[in-house]
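Student: Have a look at this one.
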Amino acid sequence: MRLHPWQRLGLALATALLIGGCATRVTTTEGGVPIDTSHTAQGQDSRAMFLVIHYTVADLPLSLHILTKQQVSAHYLLSDESPPRIFRLVDENRRAWHSGLSGWKGHRLLNASSIGIEIVHPGFKPGFDKQRIYQPFPKEQIDALIPLVKDIVQRHQIKPERILGHGEVTPSYKEDPGPTFPWKLLADLGITPPWPDAQLVAQQQAIFATALPDAAWFQAALAQHGYVIERSGLWDEQTRRVMMNFQMRYRPANYSGQPDAETAALLHVLTVPGPIPGVAPSAALPPVLPVPLPSGD
Ligand SMILES: [Zn+2]
């Protein structure tokens, strides 16, 4: 084997230092460039800051084909077999192509900063009047998903509020994993942030039922929660899509995308820090705090 001059230098240095008993540690890159690894920076973390959950709308063979042979991919694919299998399709240190034009709380294009899990699932089937009947997730599949999510989150120290569905980070054209995904179970298990307190939501709902906030209020609250949303002040299609995705996660019994007092109450409880008992939100002063600048973390 012919060594590159740098490789020879690296080898010579490593040998000399080994003999000398010095604390300096020399290795080489895979390309043979000599590297001293005796200092490590404290200021570092994983590149994976988000976990994004999807469903495939395809059976296992088609899902495997699409995710391995086409221009889309995910780090993991969870099958719908019994028992389910978990395939790793992309190394966690590399980018998988699953999140498209995504964003959350000032972060954009999350493929670079996320781990993606695809779940083999049919999505919805058409019912009467073209109504969408979203299919349930088998318990066995969710039981297989939860340890995988826990493992990824623990290793990469992903914050609970950064475990998201594809529809949340790309609301304009996605809604997976849909309204049947058990977000509340993940919250109850402590994997995702605590579920909005039912009593607080009921209190706020009674207040909002007397005066429903306008589109600008909803847009500000949805943006503060994390969504990428244009503050148009109008009940436009982009707002309906974001509302629908919010409702699919927090109020899956009705995900029309239309504003109502319960949705306002859920948003209020999720975005206003701490309960303010007895303080009614004013119509003139929106109860949602100004959207903070991205923290940069
Ligand atoms: Zn997706």
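No lab work stands behind these numbers, since they all come straight from the coordinates. Being a predicted model, the structure only gives us computed values, none of them experimental. No Cβ is skipped: glycine too gets one built from the backbone with ideal geometry, and neighbour counts run over all protein chains shown.
Student: Among the lysines, which have Cα under 19 Å from the Cα of Lys159 when same-chain residues fewer than 8 positions away are ignored?
Tutor: By straight Cα distance, Lys159 reaches Lys105, Lys150, Lys184.
Student: What full-extension length gain, to one decimal in nm, is calculated for Lys159 and Lys69 as 0.36 nm per residue of separation minus the Cα-Cα distance?
Tutor: Details: separation 90, 0.36 × 90 = 32.40 nm, distance 3.17 nm.
Result: 29.2 nm gained on full extension.
Student: Now a separate question. Sort out for me the Cα centre separation of the stretch 188-213 from the stretch 33-60, rounded to whole Å.
Tutor: The stretch 188-213 and the stretch 33-60 have Cα centres spaced 34 Å from each other.
Student: In whole Hz, what ³J(HN,Hα) sequence does the stretch 188-195 give by Karplus (6.51, -1.76, 1.60; θ = phi - 60°), x for Gly and Pro?
Tutor: 5, 7, x, 7, 10, x, x, 5
Student: For a distance above 17 Å, tell me the whole-number percent of Cα pairs in the stretch 198-271 that qualify.
Tutor: Details: 969 of 2701 pairs.
Tail fraction, whole percent: 36.
Student: Taking the Cα centre of the stretch 50-188 as origin and charging only Cβ (+1 Lys, Arg; -1 Asp, Glu), how large is the dipole, in debye to the nearest 20?
Tutor: That gives a dipole near 400 debye.
Student: While we're on this one: Tally Lys and Arg at +1 and Asp and Glu at -1 over the other residues with C-beta under 15 Å from the C-beta of Leu89: what net charge comes out?
Tutor: Working: positive: Lys69, Arg85, Arg88, Arg94, Arg95; negative: Asp91, Glu92, Glu118.
Taking every other residue near Leu89 into account, the sum is +2.
Student: Please enumerate, by chain and number, the lysines with C-alpha under 20 Å from the C-alpha of Lys125, excluding those fewer than 8 residues away in the same chain.
Tutor: Lys125 reaches Lys139, Lys174.
Student: Let me ask something else about it. Amide H of Val26: which non-local residues (sequence gap of 5 or more, or other chain) have their own amide H closer than 5 Å, using H built in the peptide plane?
Tutor: Those lying under 5 Å, H to H, from Val26 are Thr37.
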